[in-house]
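The values are calculated or read from the model by the stated rules, or taken from the named source; none is laboratory data. Please read all numbers here as calculations on a predicted model, not as lab measurements. With ideal geometry, Cβ positions are generated from the backbone for all residues, glycine too; neighbour counts draw on all protein chains shown. Protein only, heavy atoms only, side chains kept; ligands, DNA and RNA dropped before computing areas. Shrake-Rupley method; radii C 1.70, N 1.55, O 1.52, S 1.80 Å.
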Amino acid sequence: MASTKESDNASNSPSSPKNVYKDSDDGRQRFLLELEFVQCLANPTYIHYLAQNRYFEDEAFIGYLKYLQYWQRPEYIKFIMYPHCLYFLELLQNANFRNAMAHPANKELAHRQQFFFWKNYRNNRLKFILPKPPPEPVAAPALPPPAAVPPQPPMPATTVALTTAPPAPASALSPMPYGLPSGSALAKNDMRNSGIDRRKRKLERN
């Protein structure tokens, strides 16, 4: 009787699972596989491949995408090398985005937007988000102190008179005849006038 009661109690009590699956490497392999898959979602071409092969029509796969959202927690996000994967993982929770990524045009649009973000985000952030440091004042170059010049004794008047050149006379003529103005007092050498004068002298002698 007692044995039958013990057997009934054992059958009614909730039994714990006997064979609990446990990874041989404490989940390291699973961690690496899920990390690799999540980071593959940073590529719009790979998302397009999943949509083309109808992975997004499988309810189990949709549930797996929801499960992978634990990578957004701080203790796991530090292992992510491509943060765009978390953005696309969030978009993949929407059925409209999953259906749209099946079309090549939408895939190309997402790829272009991602490229432009990589190309311009850093420059835009540095220009408009980070505060600009105030301009540093330019230090004026230090001028050397003036050298002390010893006072010189005054020169005597005789030496000053000798060293200074005498003033030129006002009536001095310029040695350059072509620089003279019209009506100059210098005689002009005209061959025709000189020939007439010689003839007059010969006639006077005769």
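Worth pointing out:
- Relative to the Cα centre, the charge distribution of segment 28-129, modelled as +1 at Lys and Arg Cβ and -1 at Asp and Glu Cβ, gives a dipole magnitude of about 520 debye.
- Computed from the Cβ-Cβ distance with R0 of 25 Å, the FRET efficiency linking TYR49 to TYR121 stands at 0.45.
- PHE117 contributes about 90 Å² of solvent-accessible surface, heavy atoms of the protein only, 1.4 Å probe.
- Gain upon complete extension [PHE61, ASP25; 0.36 nm per residue less C-alpha separation]: 10.5 nm
- Relative intensity, log₁₀ I(q)/I(0), of segment 28-129 from a Debye sum that treats every alpha carbon as a point, q = 0.15, 0.23 Å⁻¹: -0.67, -1.27
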